[in-house]
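Visitor: The structure that follows is given in the form of structure tokens.
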Amino acid sequence: MNDQASRREFLGVLSAVAVAASVPRMTFAFAGAKAQIRFGYTSITWGKAERQSIDDIAALGYPGIQMRADAVTEFKPEELRDILKQHNLTLVALSSGELNIDPAVEADQLALHTANAKFVHDVGGNYIQILDQLKPWPRVVTPDECTRLGKLLTELGKRTADLGVPLGYHNHLNTISQRPDDLDRVLSASDPKYVHLELDTAHYVAGGGDPAKAIEKYHSNLLFLHLKDLIDIPLGSENSKYPFKFVELGAGRVDIPAVFAALNKVSFKGWTVVELDRAPDKSITPKEYAERSKKYLEDKIGVKVG
């Protein structure tokens, strides 16, 4: 290589370094991002106060909300549709509860969750969320259970699809999908046309997985996410069902920046719902916790929530 060519390369490197240095760090980290994400928040933090959760989530500027199955008895579909419209909120998903793989209750289970999907449809919502039956920690799972669940989810997914409501399966501690390899077995045993993944970042970390890698692995069937954080606690403390405690975004050990990097890498387009099961500190309101997570997302991740 001659001296003139070497000098041109050297000057090119200096120019590139100067440009990179002139760009704010967070903006540079997510430059060229392809993900198109809308943000919701879950009403679960408010417990039974569904109406208050709607007011607070809307006031903070989150465009979406996920509600629990209690909403089915709390509201008429047309009532909830009108309330959400007044608050400029989209019903991202309804948490329909547990799906028991016991054949003796299969018919009743399918009927219950199909009826809940009809409620979502009538409200004008997007998705229905399903997890399987919770059992005590530590959960022991067999491959046959994974296969059975996958097939049952497929049957339910066909019924909800007929209503125009896609089914998202929620990986969760103390369920069959607690461990990443068992989640993979469940999804492998199901039909991806009818069963989609609703990935929970905190539950996946607690089960021993890396949610950023899961996003890359399952991106073609990723329906929406629960964006969630957690810390470790002694088993049995604070009335916990497992040795973990959920906290606001940025206060735990989930690598949230890596999650967003993965979403950008796979060009994810859809909803990400921030979740906090309950207020870790009772002196702090659910609304304040939702505001903290919003501030983290906007200040540290560099995304716009509202």
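Visitor: For every helix of n ≥ 4 consecutive DSSP H residues, a contribution of -39,500 (n - 2.57) applies; sum these over the chain, divide by its total residues, and give [θ] at 222 nm rounded to the nearest 500 deg cm²/dmol.
Guide: Rounded to the nearest 500, the figure is -13000 deg cm²/dmol.
Visitor: Report the gain in length on full extension from residue 216 to residue 231: 0.36 nm times residue separation, minus Cα-Cα distance, nm rounded to one decimal. Walk me through the numbers before you get to the answer.
Guide: Numbers: separation 15, 0.36 × 15 = 5.40 nm, distance 2.41 nm.
Fully extending the segment from residue 216 to residue 231 adds 3.0 nm.
Visitor: Hey, can you grab everything whose amide H is under 5 Å from the amide H of residue 229? Only 5+ residues off in sequence or another chain; H modelled, so Pro and N-termini drop out.
Guide: 247
Visitor: Considering only 62, 242, 127, give the residue with the highest GNM mean-square fluctuation for the chain, with springs between Cα atoms whenever their separation is below 10 Å.
Guide: Largest GNM mean-square fluctuation: 242.
Visitor: Another question, if that's okay. Which one of 274, 105, 254 has the biggest mean-square fluctuation once the chain is modelled by GNM with Cα springs under 10 Å?
Guide: Result for the chain, Cα springs under 10 Å: 105 fluctuates most.
Visitor: Right, here's the next one. Short version: ³J(HN,Hα) in whole Hz for each residue of segment 103-118, in order, from phi by Karplus 6.51 cos²θ - 1.76 cosθ + 1.60 (θ = phi - 60°), x for Gly and Pro, what are they?
Guide: Taking θ as phi minus 60°, the curve returns x, 5, 10, 4, 4, 5, 5, 4, 5, 4, 6, 5, 5, 5, 5, 4 Hz for segment 103-118.
Visitor: Which of rounded, prolate, oblate describes the chain, given a ≥ b ≥ c as roots of the alpha-carbon gyration tensor eigenvalues and a/c under 1.5 marking rounded, otherwise prolate only if a/b is larger than b/c?
Guide: prolate
Visitor: Summing +1 for each Lys or Arg and -1 for each Asp or Glu, what net charge is found among the other residues whose Cβ lies under 15 Å from the Cβ of residue 58?
Guide: Net charge around residue 58: +1.
Visitor: Going highest first, how would you order 223-229, 149-155 by mean Cβ packing within 10 Å?
Guide: 223-229, 149-155
Visitor: Tell me, in nm to one decimal, what length is gained between residue 106 and residue 241 on full extension, where the rule is 0.36 nm per residue of separation less the Cα-Cα distance?
Guide: 46.0 nm
Visitor: I'd like to check one number: the per residue accessible area of the chain, probe 1.4 Å, reported in Å² as a whole number.
Guide: Accessible area per residue: 48 Å².
Visitor: I would also like to ask the following. Report ³J(HN,Hα) in whole Hz for each residue of segment 71-86, in order, from the Karplus equation J = 6.51 cos²θ - 1.76 cosθ + 1.60 where θ = phi - 60°; Gly and Pro get x.
Guide: Per residue, the Karplus-derived 3J(HN,Hα) values read 4, 5, 8, 6, 10, 7, x, 5, 5, 5, 4, 5, 5, 5, 4, 4 Hz.
Visitor: Percent of accessible area on segment 178-306 owned by carbon and sulfur, 1.4 Å probe? Don't skip to the end; give the middle numbers.
Guide: Details: 2680 of 5640 Å².
Carbon plus sulfur share of accessible area: 48 percent.
Visitor: How much net charge surrounds residue 298 when only other residues with a Cβ under 13 Å from its Cβ are counted (Lys, Arg +1; Asp, Glu -1)?
Guide: Net of charged neighbours comes to +3.
Visitor: Next up: Picking from 65, 128, 233, which is most flexible by a Gaussian network model of the chain using Cα springs under 10 Å?
Guide: Fluctuation is largest for 233.
Visitor: Express in whole angstrom the spacing between the alpha-carbon centres of segment 131-175 and segment 270-306.
Guide: Computed from Cα coordinates, the inter-centre distance equals 27 Å.
Visitor: Using 0.36 nm per residue of separation minus the Cα-Cα distance, give me the extension gain between residue 133 and residue 285 in nm, one decimal.
Guide: Stretched out fully, the residue 133 to residue 285 stretch lengthens by 51.7 nm.
Visitor: I'd like to know how segment 48-141 sits against the 2.2 N^0.38 Å rule of thumb: what's its Cα Rg over that expected value? Present the calculation step by step, with values, prior to reporting the outcome.
Guide: Details: Rg = 15.0 Å, N = 94, 2.2 N^0.38 = 12.4 Å.
So segment 48-141 has a normalised radius of gyration of 1.21.
Visitor: Spelling out what I want: for every residue of segment 235-252, take phi, set θ = phi - 60°, compute 6.51 cos²θ - 1.76 cosθ + 1.60 (Karplus), and round to whole Hz; glycine and proline get x.
Guide: Calculated HN-Hα couplings, in order: 4, x, 7, 6, 6, 7, 7, 7, x, 9, 9, 8, 9, 5, 4, x, 9, x Hz.
The values are calculated or read from the model by the stated rules, or taken from the named source; none is laboratory data. Quantities reported herein were computed from a predicted structural model and do not represent experimental measurements. A quick note on method: Cβ atoms are made from the backbone with ideal geometry, for glycine too, and the neighbour counts reach across all protein chains shown. Protein only, heavy atoms only, side chains kept; ligands, DNA and RNA dropped before computing areas. Shrake-Rupley method; radii C 1.70, N 1.55, O 1.52, S 1.80 Å.
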